[in-house]
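The values are calculated or read from the model by the stated rules, or taken from the named source; none is laboratory data. Since the model is a prediction, treat every value here as computed from it, not as a measurement. Positions of Cβ are backbone-derived with ideal geometry, glycine not excepted, and every protein chain shown enters the neighbour counts. Heavy atoms of the whole protein, side chains included, go into the accessibility calculation; ligands, DNA and RNA do not. Shrake-Rupley method; radii C 1.70, N 1.55, O 1.52, S 1.80 Å.
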Amino acid sequence: MLHHLREWIALSELPGIGPGLLFKLLQRTQCVPVELLKLSSDSLKALKLRPETVRHILAYQQGGWPDSEYLKMVEGWLQQPQHSLLSYDCPDYPPLLKEIPDPPLLLYVSGDPGVLHLPQLAVVGSRSASRHGVELSKSFASALTAAGMTITSGLARGVDGAAHGAAVELSRPTVAVLGSGLLKIYPRQHKRLAEAIVEQGGALVSEYPLTMSPLPYNFPRRNRIISGLSAGVLVIEAARRSGSLITARLALEQGREVFALPGALNNPQSHGCHDLIREGAMLVETSAQIIEPLASLLGSYCYDERQVETESIKLSDDEAELLEQIGYQLMTLEQLIGVTGQAASALLPQLVGMELSGYIENTPDGYQRLI
């Protein structure tokens, strides 16, 4: 067991060569991954590998790398319940992930690795999502989970956390792909959510060593796993410089379906979704529009989209008229004063009441209608 671990951990941590380049190299040499570690110095140099890569392979052959203490830590971690390490040649390795150009050589899994074989739909979006974006994430994730999809996301704040939370509330499995090691849950405020994901039969997944910190460049790289595990990706809210767009574009390259929710024209968190739609993503307004193209993955599961009626607080006539003035575009307090002719002292109590009732949202750029 230790020998097998050592081979795959060494391969996964080779410096100077990423998974994509490694797989191209293996296709060219027609050898299985672990055979690369057995090549002679001359053979390695003939492959034109970087000097640091060659040095580490030779150190492996001499027993000096990887670190023996880390190998013992991994062995101890694997002896604990619900801990797995899936190498690329393992039967439990998710087959859909093998189809991408640069699959991870190793997957550390906390929870049930079997959920990685279920039909998955990635739900991603802004870490600084609006309240409306968070609510959309919850409602879509709930409906998609009820329809038989397993929600996959990145455990981040905002849209990701809301999507995972919706599945947990339904006591259904969800998959969280981390940009850190599994012993370094990030963000820290989602540690309890991570525990709940495992408790509900889901899984935490990472290609990084157990103690790897959440370094900034880890997250764009892990996005290919989120999309690679999934049949499709739903983008809820995303600015133009958003990691969610990386996930969506990787999904397009991987031949996955990409869905995007449109939003207000002057909402920066909608601009990335609009860009995706122009690039070929499917514009969706309901969960049924996602389920339909993915229905073949759900087998005989029958999806019934039901309208959920929620009890709301009735607005006064003045508040209802003010809601019409706000509309679905952002309106500043100054603009509302101008269109209503009312003073700020009269408007603010109404606006606060409507926000508490869930009719509008007060954003840094103005008020926006939600209902």
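Could you list, ordered by first residue, the pairs with Cβ atoms under 8 Å in which the first is in region 50-68 and open to solvent by less than 50 Å² (accessible area, probe 1.4 Å) and the second is among the β-branched types (V, I, T) and modelled with pLDDT of 90 or more, at least 6 apart or interchain?
P66/I9
Quick one: which residue in L14, L5, L97 is in contact (Cβ under 8 Å) with a residue 60 or more places away in the chain, touching a helix residue (DSSP H, G or I) at 6+ places or on another chain (Cβ under 9 Å), open to solvent by less than 30 Å² (accessible area, probe 1.4 Å) and within 19 Å of G179 (Cα to Cα)?
Values: L14 fails: in contact (Cβ under 8 Å) with a residue 60 or more places away in the chain; L5 fails: within 19 Å of G179 (Cα to Cα).
Sole residue among the options that is in contact (Cβ under 8 Å) with a residue 60 or more places away in the chain, touching a helix residue (DSSP H, G or I) at 6+ places or on another chain (Cβ under 9 Å), open to solvent by less than 30 Å² (accessible area, probe 1.4 Å) and within 19 Å of G179 (Cα to Cα): L97.
Tell me the strands (runs of 3 or more DSSP E) entirely within region 131-244 that contain at least 3 residues that are more than 24 Å from I290 (Cα to Cα) and in contact with a strand residue (DSSP E or B) (Cβ under 8 Å, 6 or more places away or on another chain). Step through it out loud before you land on a result.
Details: elements: 150-153, 174-177, 203-206, 232-235.
Qualifying strands (runs of 3 or more DSSP E): 203-206.
Just to be sure, is Y60 assigned to a helix (DSSP H, G or I) and under 22 Å from G181 (Cα atoms)? Don't jump to the end; show me each part of the working.
Values: assigned to a helix (DSSP H, G or I): yes; under 22 Å from G181 (Cα atoms): no.
Here the answer is no, as Y60 does not meet what is asked.
If V284 meets every condition in (1) within 26 Å of G327 (Cβ to Cβ); (2) out of contact with any Phe, Trp or Tyr (no Cβ under 6 Å at 6 or more places or on another chain); (3) not acidic (D, E) apart from one, which number is that one?
(2)
Which condition number does G358 fail, the rest of (1) modelled with pLDDT under 80; (2) in a helix (DSSP H, G or I) being met?
Single failed check for G358: (2).
If V198 satisfies all but one of (1) modelled with pLDDT of 95 or more; (2) buried (at least 23 other Cβ atoms within 10 Å of the Cβ), what's the number of the condition it fails?
All conditions are met except number (2).
What's the total number of residues in region 17-39 that are in a helix (DSSP H, G or I) and either open to solvent by less than 20 Å² (accessible area, probe 1.4 Å) or not basic (K, R) (or both)? Show your work before the answer.
If we filter region 17-39 for residues that are in a helix (DSSP H, G or I), which is where we start, we get 19-29, 33-38.
Checking which are either open to solvent by less than 20 Å² (accessible area, probe 1.4 Å) or not basic (K, R) (or both) leaves us with 19-23, 25-27, 29, 33-37.
So the count comes out to 14.
Restricting to region 224-236, what's the tally of residues that are farther than 17 Å from F140 by Cβ and open to solvent by 10 Å² or more (accessible area, probe 1.4 Å)?
Going through region 224-236 one residue at a time, the tally reaches 1.
For the condition over 16 Å from P19 (Cβ atoms) and part of a loop (DSSP other than H, G, I, E, B), what is the one hit in D92, D102?
The match here is D92.
If only one of L178, L155 is buried (at least 24 other Cβ atoms within 10 Å of the Cβ), under 19 Å from A251 (Cβ atoms) and out of contact with any Lys or Arg (no Cβ under 8 Å at 6 or more places or on another chain), which one is it?
Numbers: L178 fails: out of contact with any Lys or Arg (no Cβ under 8 Å at 6 or more places or on another chain).
From the options L178, L155, the qualifying one is L155.
Rundown of residues vs (1) under 17 Å from G232 (Cβ atoms); (2) of a type in the set (A, V, I, L, M), yes/no style:
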site: A163; (1), (2): yes, yes
site: L178; (1), (2): no, yes
site: Y186; (1), (2): no, no
site: R192; (1), (2): no, no
site: T211; (1), (2): no, no
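When you go through (1) among the polar types (S, T, N, Q); (2) touching a Leu at 6+ places or on another chain (Cβ under 7 Å); (3) buried (at least 21 other Cβ atoms within 10 Å of the Cβ) one by one for T211, which number turns out not to apply?
The failed condition is (3).
Six or more apart or on different chains, Cβ under 6 Å: which pairs go from a residue in region 341-358 that's within 22 Å of K314 (Cα to Cα) and touching a residue at least 24 places away in the same chain (Cβ under 8 Å) to one that's open to solvent by 40 Å² or more (accessible area, probe 1.4 Å) and not polar (S, T, N, Q)? Could you list them?
S357/I313
What number goes with the only condition from (1) part of a helix (DSSP H, G or I); (2) open to solvent by 70 Å² or more (accessible area, probe 1.4 Å); (3) at pLDDT below 85 that Q335 does not pass?
(3)
Across region 107-122, which residue is nearest to R6 (Cα to Cα) among those that are among the aliphatic types (A, V, I, L, M) and at pLDDT 95 or above?
If we filter region 107-122 for residues that are among the aliphatic types (A, V, I, L, M), which is where we start, we get 107, 109, 115-116, 118, 121-122.
Within this subset, residues satisfying the condition of being at pLDDT 95 or above are 107, 109, 115-116, 121-122.
Numbers: L107: 14, V109: 17, V115: 26, L116: 24, L121: 33, A122: 32 Å.
Applying the filter and picking the extreme gives L107.
Tell me the residue from A260, A264 that is small (G, A, S) and surrounded by fewer than 23 Cβ atoms within 10 Å (Cβ to Cβ), please.
On the way: A260 fails: surrounded by fewer than 23 Cβ atoms within 10 Å (Cβ to Cβ).
Going through A260, A264 in turn, just one is small (G, A, S) and surrounded by fewer than 23 Cβ atoms within 10 Å (Cβ to Cβ): A264.
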